[in-house]
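To start, the structure under review is shown below, and the notes come after it.
Just so it is clear, none of the values below were taken in a lab; they were calculated from the coordinates. Given the structure is predicted, the values throughout are model-derived calculations rather than measurements. Note that we place each Cβ from the backbone using ideal geometry, even for glycine, and neighbour counts take in every protein chain shown.
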Amino acid sequence: MIKVTLKDGESVDRMIKRFGSHIKSRGLLKKFRSGRYFAQKLQKRKVREAAIAREGHRDEAKRKQYMS
């Protein structure tokens, strides 16, 4: 977590600029922007694949139940 406090005699604009430089130096903006869309789509795909796998397991369990 980045915490920036206003120094004595410092303007708010300068403090905001300092905050921005902290974010850039740590690479947080890149990280958030890269995960903004792509991570969500990947997660949606994983959820969908898990649902399909669950459905397949249920079908297989039903077949085993009827065969025994």
(request) Determine the principal axes of the Cα atoms in segment 12-67, then give the extent along each, sorted from largest to smallest and rounded to whole angstroms. (result) 74, 15, 14
(request) Measure off 7 Å from each Cα along the Cα-to-Cβ vector at residue 43 and residue 6, then give the distance between these two points in nanometres to one decimal. (result) 3.6 nm
(request) Hand me the tally of lysine pairs in the chain: alpha carbons under 28 angstrom apart, and the pair either on different chains or 8 or more positions apart. (result) 19
